[in-house]
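I have placed the structure first, in the form of structure tokens, so that the comments after it can refer back to it.
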Amino acid sequence: MRAVDRTRLWARTAVAAVAGALVLGVTACGSSQDSDSGAGITITHALGATVVDGVPAKIVTLGAQWLDTALALGVTPVGYIDNVAVTARNASPWQPEGALASATEISTTGNVAEQVAALEPDLILADPFIADQETYDDLSKIAATVPGLSASIITPWQDQVTTLGDVLGKQDQASRVVSGVDEKIAAITAANPGLAGKTFVSTWLAGPSQLMVLTDPKDGSSKMFADLGMTIPQNLQDLPAHQGRVTLSPERVDELTADLLLAGYSPGMDEQYRGLPGFGELPSVRKGSVVFLTTQEISAVNQPTALSVPYILDKLDPAFAAAAQ
């Protein structure tokens, strides 16, 4: 799999270590999925369309977004890759404890396709950072495969829940999952009416000279904040960016002129973030609306799921109140 640059890496929640290790080359491992005439459900996605015949009993999820989607619907995959947990070297706290006890964790240092084929799945769900066209074609030789649902690098989690609910015949449960998160966002909005029109900025201090900044208000990771009535400051939106993100030198921290600052940091970099020249003069610092987030926590923002969004909303709740002032 192709290497990714730092900006793209952050856009995909620090998955470069995972993506670089995915050895997917398959040759005659598994069989093509042939759909019966008029049978099955057709899922349109970023790479075409996939027909899923019947209700799949054995699902493999490759990536944290599809994994959390399955868990949110009460489905334990037979095999999975959780790139967030791999990066953090720890299970994600928003997942139900013990939910993956019976599942096989797929090693990212071995041949992923061979491991997937050995599980004999009926359906493979692959996040966009894994399922480029070549990989999608290879995985489709094993079982019906669904990648990202749109061309966006971050698939809207609501679309994933709805789609998998349709596949599993769990439409009512899927609706309840989506509405439950929507109700949580609505409650925060009602409690903090001053958030309307306020600004936010999501960042990650990846290293001493690399400050990653989200600049695209239409990015999938921005939707939660848009639902709260917030947007990204115009000065950041105007920066030339790649896939909705830009790399700033830490000396430009004074450009983070938002009411709410999400200060993601690599291990050991939180104190260095606080020590950046000009940090203490930021509007968010003066308002008390800065939230420091570990790489795992910033991934809950950057790669939102039905499980991670409620978790991060609770984490950000005090900062929302401060930002609304």
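Every read-out reported here was derived from the displayed coordinates using simple, explicitly stated rules and does not represent laboratory data. Keep in mind the model is a prediction, meaning the values are calculated, not measured. So basically every Cβ, Gly included, is an ideal-geometry build from the backbone, and we count neighbours across all protein chains shown.
Report the full-extension gain for the segment Ser209 to Ala91: residue separation times 0.36 nm, less the Cα-Cα distance, to one decimal in nm. Working shown, then result.
Details: separation 118, 0.36 × 118 = 42.48 nm, distance 2.87 nm.
Length gained, Ser209 through Ala91: 39.6 nm.
Exposure proxy ranking for Phe320, Phe129, based on other Cβ atoms within 10 angstrom of each Cβ and starting from the fewest, stands as Phe320, Phe129. For the chain, adding -39500 (n - 2.57) for each run of n ≥ 4 DSSP H residues and dividing by the number of residues yields -9500 deg cm²/dmol at 222 nm.
Here the scattering of the chain is modelled by Debye summation over its C-alpha atoms, one equal scatterer each and no solvent; at q = 0.08, 0.09, 0.10 Å⁻¹ the log10 of I(q)/I(0) is -0.37, -0.46, -0.57. Residues Thr61, Thr199, arranged from fewest to most other Cβ atoms within 10 angstrom of their Cβ, appear as Thr199, Thr61. Summing charges over all other residues whose Cβ lies under 11 Å from the Cβ of Thr42, with Lys and Arg as +1 and Asp and Glu as -1, gives -2. Please compute the contact order of the chain in relative form: average sequence separation of alpha-carbon pairs under 8 Å and at least six residues apart, divided by the residue count, as a percent. Dividing the mean separation by the residue count of the chain yields 20 percent. Available extension along the chain between Tyr311 and Gln272 is 11.5 nm, counting 0.36 nm per residue and deducting the alpha carbon span.
Span-like helix criteria (full DSSP H runs; alpha carbon extent of at least 15 Å along the helix axis; mean Kyte-Doolittle hydropathy of at least 0.0) are satisfied in the chain by 171-191, 308-323.
Name the shape class, rounded, prolate or oblate, that the alpha-carbon gyration tensor gives for the stretch 185-325, where a ≥ b ≥ c are the square roots of its eigenvalues, rounded holds for a/c under 1.5, and otherwise prolate holds if a/b is larger than b/c and oblate otherwise.
Working: a/c = 1.40, a/b = 1.34, b/c = 1.04.
Taking the square roots of the gyration eigenvalues as a ≥ b ≥ c, the stretch 185-325 is rounded.
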